[in-house]
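A quick write-up on the structure given underneath.
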Amino acid sequence: MSHPEPIQCDLMIIGTGMAGMAAALFAANRGLSTVQAGVSSEVIYASGYMDLLGVHPIEDQKLWDNPWAGIEAMAREIPNHPYALMEMEDINTALEEFISFFHENGIPYQRKMAENVEVMTPVGKTRPTYFVPQSMWAGVEAMKAQHRCLLVDFQRMQGFSARQIAEVIGNKWPNVRPARIRFPEGDKLTELYPEWMARKMESPIIREKLARIIHPLLEDARVLGLPAILGMTRTKEVVEDFANRVGVPVFEIPTIPPAVPGLRLKETYEQYISGKGVRLLFPKRIGQVQQEPDGAFLLTVEDTVSNDRVRSRGILLASGRFLGGGLHAGRKRIEETLFDLPVFQPAARSEWHREDFFDPRGHPINRAGLEIDDTFRPLDISGQPAFPNLFAAGSILAHQDWMRMKCGSGLAIATAYAAVNAFVKQRVDKDLQA
Ligand SMILES: Cc1cc2nc3c(=O)[nH]c(=O)nc-3n(C[C@H](O)[C@H](O)[C@H](O)COP(=O)(O)OP(=O)(O)OC[C@H]3O[C@@H](n4cnc5c(N)ncnc54)[C@H](O)[C@@H]3O)c2cc1C
């Protein structure tokens, strides 16, 4: 069904990835009427770990134990990196505000204030990150303390091997003993999927059955590791109850994407964000955008069956890079897909990539994106804000390579915070002038 009259709002958020989610939450928390649209959610590919800054400079592969010190160094050396436009205190406030939304809704996170921690990947390698789902925290501590660990995987579950993880992690954490077991009520299925298992684990009966299978295998293990299957939306409760039943702390390791930790974030967000007043139009694509004589934007929001129109006083563009759809690699140049904003990029296509795909410096294309002013407004070719009321956040921004710098979620959340606050300040200033 199409709405004859446009939906009116203060701020339209384009994108439902990490930056779009954070921006919608911040906007709602500041009392803005907010509409959000997105086609897909790349969040489902996330491991659940939230990086702040792990690596800088990329070419030296220098790892930072203290991400805040890393950001300070990086801001000095890459002054146009989006983090460099922000105060450290604001980055921290942004993370806390975002994380507390998930905490309140059953997905708590943990961190050490001034430290990156070492976490495990689905194949048993380790890497630094900052915020860790609480369901994975016991693994961080047990690895550091070198506790004896039983790590289980499941018959008929693909893509997660306790034996492989134990072998790969063996030089760092030799006390990991793998075991393969059956999952309660999984015998009749040809393949077990983590999402199905996570939903099953919300039942106390299944948890009890699984605890009884695991209990005799524990022997001297002081901690139990599992693939990420400990509940879908009530993870805190499931983890605590299951740990009580087996008698040792339990922790999860992310499985290959799309994995349960990303789905948890997506489902929890979708379930609770409307309670904050955000109107979520999903899955829907922004078709056209035009500016009205009074400066407001009129957007067409489409899916295969209906069109909505939204009239907003401002837009926050969080449409991501190539995977999300915010940037498109054309035959000759990289384009921004909605406003055709200028994209910072190498002069010629031949310079997008270095010769060696595995070059430790990464590729110039990875730093392509929108250049912004200090209030997070994308610039036009003359270097001025393209529109007074268009803001941008997340991975679409130029001068960052979030994947190699290990700053994906932190960058998305922090820049969303800065962009929303800039919009709020602009509105307040306008109202004061009126
Ligand atoms: C495989 C993978 C693993 C990751 N792992 C981690 C990790 O371990 N730790 C970490 O910190 N970060 C991780 N990240 C990064 C993080 O989750 C975010 O993807 C990243 O920070 C960028 O978020 P974003 O919101 O800017 O863009 P995206 O996530 O790309 O979102 C862009 C959004 O814009 C929407 N969009 C685009 N065009 C339109 C349009 N015309 N109309 C409507 N909507 C539109 C898309 O539908 C999408 O919702 C991972 C990302 C991926 C892809």
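Pull up segment 30-78, narrow it to residues that are among the charged types (D, E, K, R) and within 15 Å of the ligand (Cβ to nearest atom), then point me to the one that is farthest from residue 273 (Cα to Cα).
Step one: list which residues in segment 30-78 are among the charged types (D, E, K, R), which gives 30, 42, 51, 59-60, 62, 65, 72, 76-77.
Subset that is within 15 Å of the ligand (Cβ to nearest atom): 42, 51.
Details: 42: 17, 51: 23 Å.
Here the residue is 51.
Which residue, of 427, 367, is touching a strand residue (DSSP E or B) at 6+ places or on another chain (Cβ under 8 Å), modelled with pLDDT under 95 and away from the ligand (no atom under 14 Å from the Cβ)? After ruling out the rest, the residue left standing is 427.
Taking the stated definitions as given, is residue 361 away from the ligand (no atom under 16 Å from the Cβ), without any contact (Cβ under 8 Å) to a residue 24 or more places away in the chain, over 30 Å from residue 431 (Cα atoms) and of a type in the set (D, E, K, R)? Judged against the criteria, residue 361 is not a match.
Each residue in segment 206-220 was checked for being in a loop (DSSP other than H, G, I, E, B) and in contact with a strand residue (DSSP E or B) (Cβ under 8 Å, 6 or more places away or on another chain), and 2 of them qualify. Scanning segment 399-426 for residues that are of a type outside the set (A, V, I, L, M, F, W, C) and surrounded by fewer than 17 Cβ atoms within 10 Å (Cβ to Cβ) gives a single hit, 425.
Residues that are at pLDDT 95 or above, buried (at least 24 other Cβ atoms within 10 Å of the Cβ), outside any strand (DSSP E or B) and in contact with a His (Cβ under 8 Å, 6 or more places away or on another chain) do not occur anywhere in segment 11-18.
Remark: pairs (first residue in segment 378-396, more than 14 Å from residue 327 (Cβ to Cβ); second residue in a strand (DSSP E or B) and among the small types (Gly, Ala, Ser); Cβ separation under 9 Å; 6+ apart in sequence or on different chains) = 387/314; 388/314; 389/312; 389/314; 390/314; 391/314.
Among the residues making up segment 100-114, those that are touching a Lys or Arg at 6+ places or on another chain (Cβ under 6 Å) and not aliphatic (A, V, I, L, M) are 106, 108.
Can you find even one residue in segment 389-411 that is assigned to a strand (DSSP E or B), farther than 21 Å from residue 87 by Cβ and away from the ligand (no atom under 13 Å from the Cβ)? The answer is yes, given that some residue of segment 389-411 is assigned to a strand (DSSP E or B), farther than 21 Å from residue 87 by Cβ and away from the ligand (no atom under 13 Å from the Cβ). The requirement of being among the hydroxyl-bearing types (Ser, Thr, Tyr), within 11 Å of the ligand (Cβ to nearest atom) and within 22 Å of residue 304 (Cα to Cα) is fulfilled nowhere in segment 1-14; no residue meets it. Considered as a group, the residues in segment 225-279 that are among the aromatic types (Phe, Trp, Tyr) and touching a strand residue (DSSP E or B) at 6+ places or on another chain (Cβ under 7 Å) include one that is nearest to the ligand (Cβ to nearest atom), and that residue is 251.
Condition check: closer than 23 Å to residue 283 by Cβ and modelled with pLDDT of 95 or more. Does residue 341 satisfy that? Judged against the criteria, residue 341 is not a match. Do we find that residue 350 is among the hydroxyl-bearing types (Ser, Thr, Tyr), at negative phi, surrounded by fewer than 17 Cβ atoms within 10 Å (Cβ to Cβ) and touching a Ser or Thr at 6+ places or on another chain (Cβ under 6 Å) in this structure? Against the criterion (among the hydroxyl-bearing types (Ser, Thr, Tyr), at negative phi, surrounded by fewer than 17 Cβ atoms within 10 Å (Cβ to Cβ) and touching a Ser or Thr at 6+ places or on another chain (Cβ under 6 Å)), residue 350 does not qualify. Evaluated against (1) surrounded by fewer than 22 Cβ atoms within 10 Å (Cβ to Cβ); (2) modelled with pLDDT of 95 or more; (3) within 16 Å of the ligand (Cβ to nearest atom), residue 81 falls short on exactly one condition, (1). Annotation note: Cβ proximity below 8 Å between a residue of segment 221-244 that is over 13 Å from residue 259 (Cα atoms) and in the same structural domain as residue 160 (by TED's automatic domain parsing) and a residue that is outside any helix (DSSP H, G or I) and among the basic types (Lys, Arg) (sequence gap 6+ or interchain) occurs for 221/148; 221/177; 222/148; 223/148.
The values are calculated or read from the model by the stated rules, or taken from the named source; none is laboratory data. Every value quoted in this text rests on a predicted model; they were computed, and no experiment measured them. Here the Cβ is made from the backbone with ideal geometry for all residues, glycine too, and neighbour counts use every protein chain on show.
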